[in-house]
Amino acid sequence: MCAPRDAVTRRLALGTLAGLGALAACGDPEPAPGIDAPPAIDAAIDAAIDAPIDAPPNLPPQVGAIAGPTTLLAGASGTFAVVATDAEGDPLTYAWSASGAPTPGTWAAPAAASSAWFSGAIAATGPAQLQVSVSDGVNPPVVQSLAVTVAVPRFTDLQPIFGMVCTSCHGNAGGLRLDPANAYVELVGVATSNTACNTLVRVAPGAPDQSSLIRKMTGTTCGDRMPRADPTYFDDNPGLVVRVRSWILAGAAND
Ligand code: HEC
């Protein structure tokens, strides 16, 4: 006589040999030597074993405020930098950009954590919005921005350029004196003497491209490029051309 099914199970649970014998004798379809868990518990254990272990979410980079000057002369370089860290140590990429009036300007290292920037030429003092977008390659980029006031240069801001690279010859070369006492009156509205350009004035207020001063600094459409001893000087120092252009664009004031 077989024992009732649940009585066998109870004895199995107690691990009795008698229970095992009873199971074997009755041809139980699951003659396992261990204890059979009810199917619902089996399934729950399988599910728990198979379930993926939840990874913690990847965090976006932490990006500090942009450090750098908040006012700049047109064409003058400022250095802008952010400090960024990433919890998972993901490699970070940086992208600097500028928007606003005097854009886009020029970035020296637009994909670095720190970059110098100078504005384009402007006709009036105004704000530029500088931005850096920092990405860990996983999350949406984190953006920081900084408003920078870009100021029109005064005529006195041009004097250091003349003093550095022009006055060695322009005590009177080409009939042009560029020392502080004479430069303004010999530049603004004065006809150019170079025959390649003698329909132009040296400085036409508001019109840098019609000013032989700019043409002599940037190319050869008015004869030899200046400074004569170092004709690529302004290719190497493009911010200085922006400085002079901006002063002319804004009206070439004697200030
Ligand atoms: C090595 C000497 C030398 C240096 C340095 C030099 N110049 Fe000249 N510059 C000349 C001579 C010579 C002329 C006249 C011949 C000509 O027009 O190219 C001249 C002509 C000019 C003229 C045209 C004047 C006119 O009425 O035709 C301008 C404008 C000018 N220079 C600007 C500059 C500026 C700005 C600098 C500095 C960034 C500079 N030069 C540096 C020698 C020099």
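So which residues in region 174-194 are in contact (Cβ under 8 Å) with a residue 24 or more places away in the chain and either near the ligand (Cβ under 6 Å from one of its atoms) or among the β-branched types (V, I, T) (or both)? Within region 174-194, L176, V188, T192, N194 qualify.
Examine region 236-254 for a residue that is at pLDDT below 95 and either within 12 Å of the ligand (Cβ to nearest atom) or charged (D, E, K, R) (or both), and state whether such a residue exists. I'd like the intermediate steps shown before the answer.
Residues of region 236-254 at pLDDT below 95: none.
No - not one qualifying residue is present in region 236-254.
Of everything in region 198-222 that is within 34 Å of the chain's Cα centre (by Cα) and not in a helix (DSSP H, G or I), the residue that is nearest to the ligand (Cβ to nearest atom) is G219. Between S135, S119, the distinction of being farther than 24 Å from I248 by Cβ, touching a Pro at 6+ places or on another chain (Cβ under 9 Å) and either assigned by TED's automatic domain parsing to the domain that holds F80 or of a type in the set (S, T, Y) (or both) belongs to S135 only.
Based on what the data block shows, is R225 farther than 20 Å from R154 by Cβ, more than 6 Å from the ligand (Cβ to nearest atom), in a loop (DSSP other than H, G, I, E, B) and not assigned by TED's automatic domain parsing to the domain that holds L72?
Values: farther than 20 Å from R154 by Cβ: yes; more than 6 Å from the ligand (Cβ to nearest atom): yes; in a loop (DSSP other than H, G, I, E, B): yes; not assigned by TED's automatic domain parsing to the domain that holds L72: yes.
Here the answer is yes, as R225 does meet what is asked.
Consider A207 carefully, then state whether it is in contact (Cβ under 8 Å) with a residue 40 or more places away in the chain, closer than 30 Å to G78 by Cα, touching a Leu at 6+ places or on another chain (Cβ under 9 Å) and not polar (S, T, N, Q). Here the answer is yes, as A207 does meet what is asked. From the list A196, A229, A207, the one residue that fits, being out of contact with any Cys (no Cβ under 7 Å at 6 or more places or on another chain), of a type in the set (G, A, S) and either more than 21 Å from G174 (Cβ to Cβ) or surrounded by 13 or more Cβ atoms within 10 Å (Cβ to Cβ) (or both), is A207.
Across region 228-253, what is the number of residues that are in contact with an Asp or Glu (Cβ under 8 Å, 6 or more places away or on another chain) and not in a helix (DSSP H, G or I)? Step through it out loud before you land on a result.
Going through region 228-253, the residues in contact with an Asp or Glu (Cβ under 8 Å, 6 or more places away or on another chain) turn out to be 231, 243, 247.
Now restrict to residues that are not in a helix (DSSP H, G or I): 231.
Number satisfying all stated conditions: 1.
The values are calculated or read from the model by the stated rules, or taken from the named source; none is laboratory data. None of the values given here were measured: they were computed from a predicted structure. Methodologically, a virtual Cβ is constructed for each residue, glycine included, from the backbone with ideal geometry; neighbour enumeration extends over all protein chains shown.
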